[in-house]
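Undergrad: My structure is below; once you've seen it, I'll send some questions.
The values are calculated or read from the model by the stated rules, or taken from the named source; none is laboratory data. Everything quoted here is computed from the prediction, not taken from an experiment. Note that we place each Cβ from the backbone using ideal geometry, even for glycine, and neighbour counts take in every protein chain shown.
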Amino acid sequence: MLAAALPALAVAAEAVPRAYNIPAGPLNAVIARFSAESGVFVAADGALTNGKNSPGLAGTLTPQEALNRLLAGSRLQAVAQGGGYVLKESAAPATVQRPDAALALPEVQVRGERETALGHVDGYVARRSATATKTDIRLIENPQSVSVITADELADRKVESLDEALRYTAGVTPNMKPWSVDEFSMLRGFELGTAGIFRDGLLTSGRAYAAPIEPYGLERLEVLRGPASVLYGQSPPGGMINAVSKRPSATAVHEIGVEYGSYDRKQVKADLGGALDQNGEWTYRLTMLGRNSGTRIDLDRDNRLYVAPALTWRPDAATSLTLLAQYQKDNQSYVWPNQLQNPGAQGQPSPSVNLGGRDNRWNRENHTFGYEFEHRFNDTWQIQQNLRYTELKRDETNVFPRVLQADGRSMTRLFYPRNSAWRGLQTDTRVQATFKTGALAHNVLIGFDYADNKTTDSFPYSITPMPNLDLYNPVYGDQQTAVPSPSPRYELYPLKQKGLYLQDQLAWDKWVVTAGVRRDRADNENTRVLPAAGTATQTYSQSASKTTGRLGGVYLFESGWAPYVSYSTSFSPEIGRDINGELLQPSTGRQLEAGLRYQPDHGNVSYTASVFNLTRKNVTTAATQDPDSLVQSGEVRSRGLELEARADILRNLSIVAQYTYLDSEITQSNNGDRGLAQMGAVKHSASVWAKYSHKLNDTALGYAGLGVRYFGKARSSMDYANTNLTNPSLGMVDAAFGVEQGPWRYSVNFNNLLDKQVLLDCDGKLCYRNAERTVNVSASYRF
């Protein structure tokens with residue numbers, strides 16, 4: 001059934017031709033997209049459109065002509081009425097009568113929602129974003145490089161993790177190690193780390209090895225490349241990720257699905273939403289997922305329970321309050337390298353050998369609750385506030401491999417269970433004003449954000465030896481018994497951050513200039529508690545303040561071309577003291593970026609080319625006179641070229657492609673790695689994902705997706721001895737095939753279709769192996 005009337009202003013149906021490029025698909029979705037692009041109301045009886053498909057269209061047409069083409073073969077016609085259109089049955093023989101006519105649904109008004117920075121995007125090409133500016137603007141007006149990975153792309157590729165989501169994005173080196181965390185992927189040669197992952201504009205936790213993001217709960221995933229401290233405070237110089245949650249909408253969403261895949265992966269999911277009342281004042285969204293799965297490693301699990309309810313109250317057009325909650329429980333593990341860099345006559349151990357055995361578990365439980373409030377006072381002033389409270393609990397049974405014995409097969413191990421808890425409050429309050437001063441149009445943003453976080457690491461157990469593990473004939477035995485420590489301890493890490501920022505987006509003629517400045521203060525402490533001794537000792541208390549900024553300009557040609565240039569800075573606190581006993585100063589990032597975008601109004605395409613020069617300074621390194629002490633003379637430089645395309649090339653062909661050249665170098669260091677590249681930074685990478693849709697018959701639509709990923713050589717991320725160990729180049733193929741028939745959608749997805757495997761991230765003795773071929777079969781029902 002087509003969606004109920006949406007809270008948007010009506011736009012009269014004018015006979016003005018405009019360009020369309022709408023791919024074939026279910027009639028409901030196609031008409032909604034036509035309405036969104038044209039601004040034309042379309043009213044329909046839901047019983048007439050349900051289960052029908054549209055051939056789509058491409059060309060410059062009037063609304064009537066466009067609707068005629070979209071309705072071809074549906075036995076429906078568009079009749080102009082009341083400034084819009086009504087869909088009615090075409091003339092039919094008088095003898096034909098619908099036996100269920102009395103049950104026909106009431107006529108409802110329909111208009112596709114215009115894209116917003118937080119809303120759903122049909123297809124792969126987003127036109128708006130708020131990540132780079134915290135205001136809802138066109139992507140083409142941003143002075144920094146931004147990529148938007150839409151929910152449709154995530155669904156087509158059956159993405160299962162943040163690392164998988166980033167595979168086809170420019171500037172990204174996705175993590176390929178089998179660790180169930182998000183922070184190891186890299187942007188422009190720098191790890192995301194704990195400070196580079198945000199959800200709905202607020203830091204996820206800042207805690208290492210925290211709960212990973214569930215892709216099914218996202219409306220979009222946005223990648224901002226380059227320093228972002230001017231709006232988000234302490235963050236890595238390479239950029240940040242902002243995961244945008246699915247939100248309530250007046251458009252009805254009803255989807256349930258099941259999946260089965262490699263390693264006996266069983267998953268069920270549901271996405272439900274819509275209006276709770278006739279006027280659309282109250283809307284809801286409920287996203288749920290349950291998974292029970294093995295992995296490529298013996299005895300390993302990848303189990304998850306995910307529930308994310310959301311509720312929006314919109315009493316009038318000027319006010320909205322959205323409540324967002326989430327519960328996530330994971331039973332997962334992290335995996336140590338199990339392949340030999342230089343295997344002897346015995347060859348390689350099985351890639352499924354688990355050095356952690358039945359232990360080495362992460363049991364994580366995460367719950368969050370927050371809100372987003374917005375109120376517009378008048379045409380000039382509005383206020384927005386985001387708030388989220390999070391609690392995370394992680395129980396660990398860690399196993400640490402130690403020494404590979406002289407026989408080349410026996411590994412010594414240690415068992416070290418512990419617990420970790422984190423709680424955090426994040427808020428961001430913004431006042432926005434839009435006004436003019438002469439010929440200049442201003443969009444001014446004044447904001448204050450505050451974070452109050454506390455981590456408690458508990459060490460109640462002793463470190464105990466485990467039986468050696470034979471890599472070629474592993475006997476895993478029973479789970480280890482935790483031995484209470486005679487001297488347990490607790491480490492408390494409170495962290496507070498306060499940031500005040502100001503930004504102005506100035507528009508004059510075809511110019512858009514964005515200028516911003518921010519002042520931050522970050523307070524870090526550590527207190528060690530020894531219950532047996534009855535002591536609590538503060539090991540450090542450190543405060544860091546920093547001013548960061550950004551200045552960028554864009555010139556908007558009417559043709560859709562938009563060259564831009566920007567300068568931006570970042571900072572990240574460093575904990576400890578230098579060789580002189582002074583507190584370490586924050587490390588800093590500085591970037592100069594220039595680029596060219598193409599995103600015309602008449603086409604569903606987005607092309608970006610960018611070059612950048614990024615330098616991180618104040619990096620800690622060993623002191624030359626005392627290698628056990630620190631100085632802050634280190635420096636890392638990263639520069640490169642990024643090309644990215646996201647486009648509906650034809651009405652039934654969509655593509656995502658990228659090429660990245662990255663020249664990363666440690667330019668100043670006393671650690672023996674001066675002149676080497678950053679560990680893990682790939683110099684050349686390229687990828688392309690294409691989806692082709694075609695009509696199978698009058699009621700079924702088929703599609704096929706093909707992806708190719710190439711990663712060039714890179715320095716091993718475990719080259720701790722600074723011998724310039726190198727990962728080989730690697731190319732992989734992904735594929736997807738699906739059929740949509742009425743409310744049903746069936747698909748099969750292959751990752752690493754050709755099962756290409758190489759050794760990665762060696763440390764001189766042991767290596768990881770990239771993931772082998774996996775298959776996922778799914779079915780979903782939309783109603």
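Undergrad: With a cut-off of at least 3 residues that are basic (Lys, Arg) and touching a residue at least 12 places away in the same chain (Cβ under 8 Å), name the strands (runs of 3 or more DSSP E) lying wholly within region 231-287.
TA: In region 231-287, the matching strands (runs of 3 or more DSSP E) lie at 265-275.
Undergrad: Another question, then. Going through 742, 705 one at a time, which residue ends up being in contact with a strand residue (DSSP E or B) (Cβ under 6 Å, 6 or more places away or on another chain) and surrounded by 15 or more Cβ atoms within 10 Å (Cβ to Cβ)?
TA: 705
Undergrad: Show me the strands (runs of 3 or more DSSP E) found entirely inside region 531-598 where at least 2 residues are surrounded by fewer than 12 Cβ atoms within 10 Å (Cβ to Cβ).
TA: Numbers: elements: 535-555, 561-572, 587-598.
Those strands (runs of 3 or more DSSP E) span 535-555.
Here is a yes/no grid of residues against (1) surrounded by fewer than 21 Cβ atoms within 10 Å (Cβ to Cβ); (2) not charged (D, E, K, R):
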{"position": "667", "(1), (2)": "yes, yes"}
{"position": "675", "(1), (2)": "yes, yes"}
{"position": "680", "(1), (2)": "no, yes"}
{"position": "690", "(1), (2)": "yes, yes"}
{"position": "715", "(1), (2)": "no, no"}
{"position": "720", "(1), (2)": "yes, yes"}
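Undergrad: So, one more: Considering only region 405-462, state which residues are among the acidic types (Asp, Glu) and either within 26 Å of the chain's Cα centre (by Cα) or surrounded by 15 or more Cβ atoms within 10 Å (Cβ to Cβ) (or both).
TA: 428, 449, 452, 457
Undergrad: Which residues, taken from region 321-342, are touching a residue at least 40 places away in the same chain (Cβ under 8 Å) and not polar (S, T, N, Q)?
TA: 321, 323, 324, 325, 327, 330, 334, 335, 336, 337, 340
Undergrad: Among the residues of region 381-394, is any within 30 Å of residue 317 (Cβ to Cβ), among the hydrophobic types (A, V, I, L, M, F, W, C) and touching a Gly at 6+ places or on another chain (Cβ under 6 Å)?
TA: The answer is yes; a qualifying residue exists.
Undergrad: A further question follows. For region 604-638, which residues satisfy the criterion of being over 25 Å from the mean Cα position of the chain (by Cα) and assigned to a loop (DSSP other than H, G, I, E, B)? Working first, answer last.
TA: Taking region 604-638 first, the residues over 25 Å from the mean Cα position of the chain (by Cα) are 617-637.
Matches in region 604-638: 624, 625.
Undergrad: Name the pairs: first residue in region 429-441 and in contact (Cβ under 8 Å) with a residue 40 or more places away in the chain, second residue among the acidic types (Asp, Glu), Cβ to Cβ under 9 Å, at least 6 apart or on different chains?
TA: Short answer, once both residue conditions are applied: 429/449; 430/449; 434/379; 435/379; 439/509.
Undergrad: Checking the structure you have, find out if any residue of region 157-167 is in contact (Cβ under 8 Å) with a residue 12 or more places away in the chain, among the β-branched types (Val, Ile, Thr) and buried (at least 24 other Cβ atoms within 10 Å of the Cβ).
TA: No; the residues of region 157-167 include none that is in contact (Cβ under 8 Å) with a residue 12 or more places away in the chain, among the β-branched types (Val, Ile, Thr) and buried (at least 24 other Cβ atoms within 10 Å of the Cβ).
Undergrad: Continuing with this model, one more query. Check residue 231 against each of (1) crowded, with 24+ Cβ neighbours inside 10 Å; (2) within 30 Å of residue 272 (Cβ to Cβ); (3) of a type in the set (A, V, I, L, M, F, W, C) and name the one condition it does not meet.
TA: Here residue 231 clears every test but (2).
Undergrad: Also, I was wondering about something else. Have a look at 96, 86, 125 and point out the one that is modelled with pLDDT of 80 or more and either part of a loop (DSSP other than H, G, I, E, B) or surrounded by fewer than 12 Cβ atoms within 10 Å (Cβ to Cβ) (or both).
TA: Unique residue meeting the criteria: 125.
Conditions (1) of a type outside the set (Phe, Trp, Tyr); (2) under 30 Å from residue 23 (Cα atoms), marked per residue:
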residue: 722; (1), (2): yes, no
residue: 726; (1), (2): yes, no
residue: 738; (1), (2): yes, yes
residue: 744; (1), (2): no, yes
residue: 747; (1), (2): yes, yes
residue: 751; (1), (2): yes, yes
residue: 755; (1), (2): yes, no
residue: 758; (1), (2): yes, no
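Undergrad: Would you please name the residue that is surrounded by the most Cβ atoms within 10 Å (Cβ to Cβ), looking only at residues in region 234-252 that are closer than 21 Å to residue 638 by Cα and more than 12 Å from the chain's Cα centre (by Cα)?
TA: Applying the filter and picking the extreme gives 238.
Undergrad: A follow-up question, please. Quick check: is even one residue across region 725-737 in contact with a Phe, Trp or Tyr (Cβ under 9 Å, 6 or more places away or on another chain), over 21 Å from residue 164 (Cα atoms) and buried (at least 17 other Cβ atoms within 10 Å of the Cβ)?
TA: Taking every residue of region 725-737 in turn, none turns out to be in contact with a Phe, Trp or Tyr (Cβ under 9 Å, 6 or more places away or on another chain), over 21 Å from residue 164 (Cα atoms) and buried (at least 17 other Cβ atoms within 10 Å of the Cβ).
Undergrad: Answer yes or no: is there a residue in region 393-404 that is surrounded by fewer than 17 Cβ atoms within 10 Å (Cβ to Cβ), farther than 30 Å from residue 491 by Cβ and modelled with pLDDT of 90 or more.
TA: yes
Undergrad: Please work out which residue is farthest from residue 256 (Cα to Cα), limiting yourself to region 764-783 and to residues that are buried (at least 17 other Cβ atoms within 10 Å of the Cβ) and out of contact with any Lys or Arg (no Cβ under 6 Å at 6 or more places or on another chain).
TA: Start the filter on region 764-783 by keeping residues that are buried (at least 17 other Cβ atoms within 10 Å of the Cβ), which leaves 766-771, 774, 776, 778, 780, 782.
With out of contact with any Lys or Arg (no Cβ under 6 Å at 6 or more places or on another chain) added as a condition, the list becomes 766-767, 769-771, 774, 778, 782.
Numbers: 766: 43, 767: 40, 769: 35, 770: 32, 771: 29, 774: 23, 778: 11, 782: 7 Å.
Within region 764-783, the match that is farthest from residue 256 (Cα to Cα) is 766.
Undergrad: If you check 710, 659, which single one turns out to be surrounded by fewer than 17 Cβ atoms within 10 Å (Cβ to Cβ), under 25 Å from residue 729 (Cβ atoms) and in contact with a Leu (Cβ under 9 Å, 6 or more places away or on another chain)?
TA: Details: 659 fails: surrounded by fewer than 17 Cβ atoms within 10 Å (Cβ to Cβ).
The match here is 710.
Undergrad: Quick one: is residue 305 hydrophobic (A, V, I, L, M, F, W, C) and over 17 Å from residue 373 (Cα atoms)?
TA: yes
Undergrad: I'm trying to understand the selection: among the residues of region 522-570, which are within 27 Å of the chain's Cα centre (by Cα), farther than 18 Å from residue 139 by Cα and modelled with pLDDT of 95 or more?
TA: 548, 549, 569, 570
Undergrad: Moving on. Spot the failing condition for residue 152; the list is (1) surrounded by fewer than 21 Cβ atoms within 10 Å (Cβ to Cβ); (2) in contact (Cβ under 8 Å) with a residue 40 or more places away in the chain; (3) not hydroxyl-bearing (Ser, Thr, Tyr); (4) not in a loop (DSSP other than H, G, I, E, B), and only one is missed.
TA: (2)
Undergrad: Cβ-Cβ under 7 Å, sequence separation 6+ or interchain: first residue in region 707-731 and over 17 Å from residue 185 (Cβ atoms), partner aromatic (Phe, Trp, Tyr) and part of a loop (DSSP other than H, G, I, E, B). Which pairs?
TA: Taking only residues 6 or more apart or on different chains, the pairs are 707/168.
Undergrad: Tell me, yes or no, whether region 573-586 has at least one residue that is in contact with a Phe, Trp or Tyr (Cβ under 8 Å, 6 or more places away or on another chain), aliphatic (A, V, I, L, M) and touching a residue at least 40 places away in the same chain (Cβ under 8 Å).
TA: yes
Undergrad: Still on this structure, I have one more. Go through region 4-45 residue by residue and tally those that are in a loop (DSSP other than H, G, I, E, B), surrounded by fewer than 17 Cβ atoms within 10 Å (Cβ to Cβ) and at pLDDT 65 or above.
TA: The qualifying residues number 1.
Undergrad: Something else now. I'd like to verify a number: residues in region 594-607 that are over 16 Å from residue 658 (Cβ atoms) and either among the acidic types (Asp, Glu) or free of Cβ contacts under 8 Å to residues at least 40 places away in the same chain (or both), how many?
TA: Qualifying residue count for the region: 2.
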